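Right, one structure below, let's go through it.
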Amino acid sequence: MPQLDLAFARAQFPAFSEPSLKDWAFFENAGGSYACGPVIDRLTRFYRETKVQPYGPFPASERGGQEMDEARRRLAGYLNVAEDEVHFGPSTTQNTYVLAQAFRGMMQDGDEIVVTNQDHEANSGAWRRLAERGIVVREWQVDPESGQLDPGDLDSLLNDKTRVVAFPHCSNIVGHVNPVAEIAAKAQATGAVVVVDGVSYAPHGFPDIQALGADIYLFSLYKTFGPHQGLMTVKRALAERLPNQSHYFNADQITKKLTPAGPDHAQIAASAGIADYFDALHAHHFTDSPVADPAECGRQVHALLEAQEKTLLAPLLDYLRQRNDIRILGPSNPAVRAPTVAIHAKNKPAPEVVENLRQHNIAACVSNFYAVRLVEAMGVAAEPGVLRLSFVHYTSPEEIEKLIKALDQSL
């Protein structure tokens, strides 16, 4: 495995040459990453040259549709799914809401859904609301100390009435990476559909959806170096069964039936820039083993980014473990978590800590980050919440050192 060429990676992000961002170390990537250059270029070009209704019989319209199709095709390749299994929407929250309405249309009163209290509310609230419409909602609860989900606890929640099991690939607070394939197999053995929220995982490398076995996988493109859109993959056979949520005449168009309103054409087209960026990373780092298969490229790029992030995460967790005035929410072992680290300061209000970090040009936030149920289950007040420090592969070792020094003074 080659080592990430950090200078090459950072050169693909205009933010790192933007004067207004100079000297700031960005540690709120879990809320939204920097956009890579190819995405920005494609977005501005679309608005300049093809911002018309796509798929029409004239050149600008034809090209607009082709660029949207390209985005779907190339992202599908990296995710290892079929093109017509990729669905775009304005956000993951809205995509999940639409899914919940679709599932209710083919469920009976008394059918059951399993949700967790580890999730961002996007993959919890929409399913929980179905309890008002005759669906039984069961909660798979985290361990209140570790914040982790025990797959063994799921057994008592599953039965022949379970229709959906919804859980996160990893939490946006505790960061522990759940064993998706194991959980999916267990749930699917009862006939349940598996819905995985990958918002907090996908920024660290696109997953191989087929390997995971998820029936539905959702994440946000604006957290994976792209535009503000949500993407979900839905297995074709399942999408065909789900009731249409779009105009009645779209019922037989599989990529439209789960999108009630018209999509954002420009942002969908621009999302192909994420694939451009991953292509560039692969070509730069794997010169001796060029791969034509985009799924294999995705796996190799994923491994490249993951290795870099774990190298960066280790010294931060080493430092935090040595302090007795904070609590790390989630595991302190970098091997089993994503680089999203939430801490609860025992002796200082979190807003005061984050303001001190701001004085050191550290960009971070304090909040419950839409994971109110999780924070409260772990014994932390939802307001003001926790200090979250999140980064991705383009973060530098120097920025990690800067963060540690700033924490030492701020805590």
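When region 25-65 is filtered for residues that are in a loop (DSSP other than H, G, I, E, B) and hydrophobic (A, V, I, L, M, F, W, C), the ones remaining, listed by number, are Phe27, Ala35, Cys36, Val52, Phe58. With respect to the conditions (1) within 21 Å of Val392 (Cα to Cα); (2) surrounded by 18 or more Cβ atoms within 10 Å (Cβ to Cβ), Ala350 lacks only one, and its number is (1).
Test Val136 against the criterion of being more than 26 Å from Gln210 (Cα to Cα) and modelled with pLDDT of 95 or more, and give yes or no. Lay out the reasoning, then the answer.
On the way: more than 26 Å from Gln210 (Cα to Cα): yes; modelled with pLDDT of 95 or more: yes.
When the stated conditions are applied, Val136 passes them.
Counting only residues that are within 15 Å of Ser171 (Cβ to Cβ) and not small (Gly, Ala, Ser), which one in region 110-138 is most open to solvent (accessible area, probe 1.4 Å)? Explain how you work it out, then say what you get.
Applying the first criterion (within 15 Å of Ser171 (Cβ to Cβ)) to region 110-138 yields 115-124.
Next, from what is left, pick out any that are not small (Gly, Ala, Ser): 115-121, 123.
Numbers: Val115: 0, Thr116: 1, Asn117: 11, Gln118: 0, Asp119: 4, His120: 44, Glu121: 62, Asn123: 2 Å².
The selected residue is Glu121.
Can you find even one residue in region 339-353 that is farther than 26 Å from Val115 by Cα and either under 24 Å from the mean Cα position of the chain (by Cα) or basic (Lys, Arg) (or both)?
Here is the first cut: in region 339-353, the residues farther than 26 Å from Val115 by Cα are 345-353.
From what's left, either under 24 Å from the mean Cα position of the chain (by Cα) or basic (Lys, Arg) (or both): 346, 348.
Looking through region 339-353, at least one residue is farther than 26 Å from Val115 by Cα and either under 24 Å from the mean Cα position of the chain (by Cα) or basic (Lys, Arg) (or both).
Looking at Gln409, Gln359, just one residue is loosely packed, with under 15 Cβ neighbours inside 10 Å, of a type in the set (S, T, N, Q) and closer than 17 Å to Glu28 by Cβ, and that residue is Gln359.
Listed here are the residues, each with its yes/no results for (1) more than 16 Å from the chain's Cα centre (by Cα); (2) in contact (Cβ under 8 Å) with a residue 60 or more places away in the chain; (3) crowded, with 23+ Cβ neighbours inside 10 Å.
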residue: Phe26; (1), (2), (3): yes, yes, no
residue: Tyr34; (1), (2), (3): no, yes, no
residue: Asp41; (1), (2), (3): yes, yes, no
residue: Gly65; (1), (2), (3): yes, no, no
residue: Asp69; (1), (2), (3): yes, no, no
residue: Phe88; (1), (2), (3): no, yes, yes
residue: Thr93; (1), (2), (3): no, yes, no
residue: Thr96; (1), (2), (3): no, yes, yes
residue: Gln108; (1), (2), (3): yes, no, no
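When the residues of region 1-24 are filtered to those that are aromatic (Phe, Trp, Tyr) and in a loop (DSSP other than H, G, I, E, B), the one that is most open to solvent (accessible area, probe 1.4 Å) is Trp24.
Determine which member of the set Phe249, Phe278, Phe206 is part of a loop (DSSP other than H, G, I, E, B), out of contact with any strand residue (DSSP E or B) (no Cβ under 8 Å at 6 or more places or on another chain) and at pLDDT 95 or above. After applying the criteria, what remains is Phe206. Can you confirm whether region 74-85 contains a residue that is within 17 Å of Leu374 (Cα to Cα) and not acidic (Asp, Glu)? No, the conditions are met nowhere in region 74-85.
The values are calculated or read from the model by the stated rules, or taken from the named source; none is laboratory data. Remember, predicted model here, so these are calculated numbers, not experimental data. Cβ atoms come from the backbone with ideal geometry, glycine included; neighbour counts cover every protein chain shown. In case anyone asks, the SASA skips ligands and DNA or RNA and just uses the protein heavy atoms, side chains included. Shrake-Rupley method; radii C 1.70, N 1.55, O 1.52, S 1.80 Å.
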